Amino acid sequence: MSLAFLLRAALRESRGSRGKLMFFAACLAVGVAAVVAVSGLTLGVERGIRAQARQLLAADIVVSAYRDLPASLESVITKVPGSRSTRVREMVTVASVRGEGDAPGKSQLVELKAVEEGYPFHGELKLDPSRPLMTLLDPQSAVAGPDVLTRLGVSVGGRIFIGSAEYTITGIVKAEPDRIAGAFSLGPRIFVSQEGLDRAGIVQFGSRVLRKLLIKLPGMPSAQEAERAVQVVRSLTGDSTAYKIESSSDAQPALRQGLSRVDRFLSLVALLSLIVGGAGVAQTVRAWLATRLDSLAILKCLGMRPREVLALYLVQIVLLGLFASLIGALAGSGILLLVPHVLRDVLPDGWISPFAAAAWGKGLALGTVVSLFFSLPPLLEALRVPPARVLRRDVEPLPGGRAVTLLAGLAVLSSLYFVSLVQARSVSHAFFFTLGILAAAGILAAMSALLVRTIGKAPRGKLPLWLRHGLTGVARPGSGTMASLVALGLGILVVVAMALVERHLTVELRSSLPKDAPTAFLIDIQPDQWSGVKRLLEEEGAGRVDSVPMIMARLSAIDGKPVEEIAREKASGGDSENRLWALTREQRLTYADALPPDNKVVEGKLWSLPGRPELSVEEKFAKKTLGIRAGAVLEFDIQGVPVTFTVSSLRSVDWRTFGINFFWVAEPGTLDAAPQSRLAAARIEEEKEPIVQDRLARQFPNVTMIRTREVLSRIAGILEKLGVAVQFLGFFSVAAGLILLGGAVSAGSVRKAREMAVLKVLGMTRPGVSGVLASEYALTGLVAGVIGTAGGTLLAWAVVTQGFEMAWKPSYAVLTLAPLVTIVLTSIAGLAASLRAIRVRPLEALRTE
Amino acid sequence: MKGQPLQAPSFSLELRNVSRSLPSGRAQLSILSDISLGIRSGQFAAILGPSGSGKSTLLGLMAGLDRPSSGQILIDGEPIEALEEDALALLRRKKIGFVFQSFQLLPNLTAKENVLFPLELLGLEGAEDRADGLLAAVGLGQRGHHYPVQLSGGEQQRVALARAFAPEPSILLADEPTGNLDSATGEAVLNLLTRLWKESRATLVLVTHDQELAVRAERRIHLRDGRIHLDEGNA
């Protein structure tokens, strides 16, 4: 049999079925539209977030070290075609103004940043006047943050001293893209040119200068492209752990945690909506093939081999699947076109590209795969039609049912796993998702069977006629109730689970920013200044004033093994740069008698080893980054003095409180004598912040205040945007699920026409017939609604409490509304799909087969 | 005649001790028991019997549409009862043509496409011309583009005849071909069938309960309760 004949025959064979198959197309198209829209949105949001992450770095990759960067690093621009680089030097120094007469002028600790052409590669540097930074900078000029001007009492055009050189202020920095990329800033910002910094004469041997190379990759690099570039950069640094390499995929840990939650949820949403489409496809194909049994028998009778018949129908299904997927992809793009208008306030411009090739590719591939594999069970079953059917209707199907069923089941299973893998991009997620769907379908089928049997056995003698027939319709053997119950139940399960998970996630995202979080951090407070600073804060009405001592130290050995050696070993073992950096960077320690309320000891016991200096370490940092447990012996270098600690406890920290928290907390008494400063946090009213700042500058010029409202509002803004995106996706998939529910009912209702014709022949009126149908669909809706809601709630509970580690809050509204809405929807969808069957004259219905 | 030894090669179609029973509850319901017969190549045999005598089951077995519970079925001397579905399909494609009481045209295909189908399946050259010729021969030269629903019963059966004879099968099996037609149309269809049979020299097996139709056959095999009751004209 030639391919040309197969295609020709498939097109001919599909002629009379196209009307029926349009429904298959609609079912699949809705699913694919969901996949494409979700995928497009996910891609867009991912890309947008990555773009934001790039803003936080002002580049795609940043290499930094408190030493000269290797000269070889400059060759990165030739090794990664299309990339660009720019140098940045940062140091903390003092800026001052000329005093009146002989009196010393005001001075201020500042973070000096020397830049050159290219900075920043990503993100916006807001300046006043609004001009490119490099047009404002020459070796004699500087651009400063407003805090510098306030504190030094100068304005644009005024002059300041840095080191031995004098500079003219030519502009004000209002916002810097990479300002919150570091932990805390030590002072307000001043920008100078590279030549300007050299002129100051402050970069000398031993100066603590952070040297950075900012690298911009061409276009919008994918995570893989960025990773490849990072590998190139790493090899250029000679794989030394002395250089910190950051890429745009590493954002702030809190943000990353939020993002990975959202990412997981989005994958889940897309996956689930796809399965509902598959259920709809299977249902429609089953209904379609039920009308093709005679043709199948004739084809076999005319000498078509079973495999040729299979090919004939597979070709039809694949062509249709592809066509439907195309329509779906178009619809998905249509939705994506609307997204920026609908979400104008929350989605930044240019995040969404409606015709993203990746989204289309995914939609078309998944749509076709799902249509093909989900059609296999009904198709293989239909293929068992015996050719002898041409002689007699009641011949039994061909043998081999069990093997065929098994084969079809395996096909669906493998396709389910495949699409899960494509969507989740994780073997374990795909595995558990597939398992979950199977378990859900199995439980739904078992419960449906139980319910159908119960209905079949229940006495219904005294019930009204319409209800009696409705019950019979559900319970009758071979009524197809089971299949539609499972499909419907699965759809409702998806909708309910999604609504619940989405609700929890949104609430979580919203409430993860505590109302009483500190608005300002004060750093570099000398211990003898603290009482004065505290009094000042209290006088200005600051609340939740908190302060802890802070000691800077370097970790030198773990259990006697030098950290440099551990870092080298870990680097060759493929550990991430971040984790290595965490070992070799400067550590911040505090000491306290008791832990703050958001800390909980999870291993060992706090201050329980008499006679030995003890340390309590944050659990995840200890286990994942350092690979230590309670009992480990750590050696620190505190400003040249070695100090040995025993880790006596690990503790969990709820970082979401935004309170002052440290990875390292030492036993009181062990570090009291170490050189230290204090770190303070307080909640200050927004309008009081400048006053506090002025007073601090006057009384305690070395204390720097960091206003966290800006940081918080940026993080809150991102989380809020994500929350709305998740909500939108949730609503979209709920809608898609509902349409597919209606579709499944309609597909199953086709076969009703003949049954109703018989009822009409027996004298039942149209309203009577409608009542029978409505009661049957309502009952189906009730069963599917109850089972689906129960399953969906269970799934959501598991996802929320186990997957996202959040507290579960039951929603009684969803529990009651979902079954009710299902009943209404199934009744409406069922009746709407049966309108023709209700209207048609009985004789017509009985004649047509 | 039962159990009479037969010379295999001379038969186009041969059944040896064929029985067919179906499960009916826990018991087995016997449809055909111990049927042995041989039909010579080119012979026109009619299988007669009242409703439920097993005529259609016998025809289904001869066509490889159904499998016997026991016994052997040979087509051109080759046993077919143990063949796989695939091999049976190829056998039907190459050797067997069908005409049914309910026509069994593919509803989504036009009249001409129905006739073309077995030819295309065989990948024969000049299929279009042969289909046109056959449609003209059955008097439907102008109706090739019509779909089955647009044709009368007699016309549908004539298309079915054209389709059955199109691939030049060596055996043609007809199951009550006039059963759904009025007597005048039935007569015309039967005339056409016998004419085409004579032209093709295929072995023709006709199943009917109508004695008058059977008169035209060279041989008449009477079935009763699943057994051969009488075999007339078996020369």
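The values are calculated or read from the model by the stated rules, or taken from the named source; none is laboratory data. These numbers come from a predicted model, not from an experiment. Neighbour counts run over all protein chains shown; Cβ positions are idealised from the backbone, glycine included. Quick note on the areas: whole protein, heavy atoms, side chains included, nothing else; ligands and nucleic acids left out. Shrake-Rupley method; radii C 1.70, N 1.55, O 1.52, S 1.80 Å.
Worth a mention:
- For region B:82-88, putting each phi into the Karplus relation 6.51 cos²θ - 1.76 cosθ + 1.60 with θ = phi - 60° gives couplings of 9, 5, 5, 3, 4, 5, 5 Hz, in residue order, rounded to whole numbers and with x for Gly and Pro.
- Basic side chains Lys and Arg get +1 at the Cβ, acidic Asp and Glu get -1 at the Cβ, and with that the dipole of region A:543-683 about its Cα centre reaches some 380 debye.
- Shown in residue order for region B:195-212 are the 3J(HN,Hα) couplings computed by the Karplus curve 6.51 cos²θ - 1.76 cosθ + 1.60 at θ = phi - 60°: 5, 5, 4, 4, 5, 8, 6, 7, 6, 10, 10, 10, 9, 7, 9, 9, 4, 5 Hz (x for Gly and Pro).
- Calculated P(r) tail over 21 Å for region A:57-255, as whole % of Cα pairs: 53
- Kirkwood-based shape ratio for region A:543-683, expressed as Rg/Rh from alpha carbons: 0.96
- Amide H contacts under 5 Å for A:GLN587, placed H, 5+ residues apart: A:ALA553, A:ARG554, A:LEU555
- Here region A:543-683 exposes an accessible surface that is 51 percent carbon and sulfur, computed with a 1.4 Å probe and the other protein chains kept in place.
- Taken residue by residue and averaged, Cβ atoms of other chains lying within 10 Å of the Cβ of A:381-389 number 3.
- Peptide B:62-72 - average C-beta neighbours from other chains (10 Å radius): 3
- Residue-averaged 222 nm ellipticity for chain B, from DSSP H runs of 4+ at -39500 (n - 2.57), nearest 500: -10000 deg cm²/dmol
- For the pair B and A, the buried accessible area comes to roughly 2800 Å² in total, with a 1.4 Å probe and the value rounded to the nearest 100.
- Most tightly packed first, judged by the mean number of other beta-carbon atoms within 10 Å of their residues, the peptides A:787-800, A:416-429 read A:787-800, A:416-429.
- Sorting B:179-186, A:118-125 by their mean Cβ neighbour count within 10 Å, with the most densely packed peptide first, gives A:118-125, B:179-186.
- Computed with a 1.4 Å probe on the full set of protein chains, the accessible area for A:THR644 sits at about 70 Å².
- Rounded to the nearest Hz, the phi-derived 3J(HN,Hα) couplings of region B:217-227 under the Karplus curve 6.51 cos²θ - 1.76 cosθ + 1.60 (θ = phi - 60°) are 6, 6, 9, 10, 9, 9, 9, 8, 6, x, 10, where x marks glycine and proline.
- Under Stokes-Einstein, with the Kirkwood radius over Cα pairs as Rh, the value for region B:79-235 at 20 °C and 1.002 mPa s is 131 µm²/s.
- With both labels modelled 7 Å from their Cα along Cα-to-Cβ, the A:ASP68 to A:ASP637 distance reads 2.1 nm.
- Relative contact order for region A:543-683, counting Cα pairs under 8 Å that sit 6 or more residues apart, in percent: 38
- Principal axes of region B:75-129: Cα extent on each, largest first, Å: 35, 30, 17
- Accessible-area composition of region A:57-255, carbon plus sulfur, in percent [1.4 Å probe]: 51
- Rolling a 1.4 Å probe over the protein heavy atoms gives region A:57-255 an accessible area of 44 Å² per residue.
- Amide hydrogen neighbours beyond the local backbone of A:LEU679, cut-off 5 Å, H modeled: A:VAL548, A:MET550
- In the context of the full set of protein chains, residues of chain B present 42 Å² of accessible surface per residue (probe radius 1.4 Å, heavy atoms only).
- For the peptide A:291-303, the mean number of other protein chain Cβ atoms found within 10 angstrom of a residue's Cβ is 6.
- Packing-based ranking, highest mean first, of B:194-205, A:154-165 given that Cβ atoms within 10 Å are counted: B:194-205, A:154-165
- Solvent exposure ordering (accessible area, 1.4 Å, most first) of A:HIS504, A:HIS469, B:HIS145: B:HIS145, A:HIS469, A:HIS504
- Rel. contact order, % - alpha carbon contacts under 8 angstrom, at least six apart, chain B: 27
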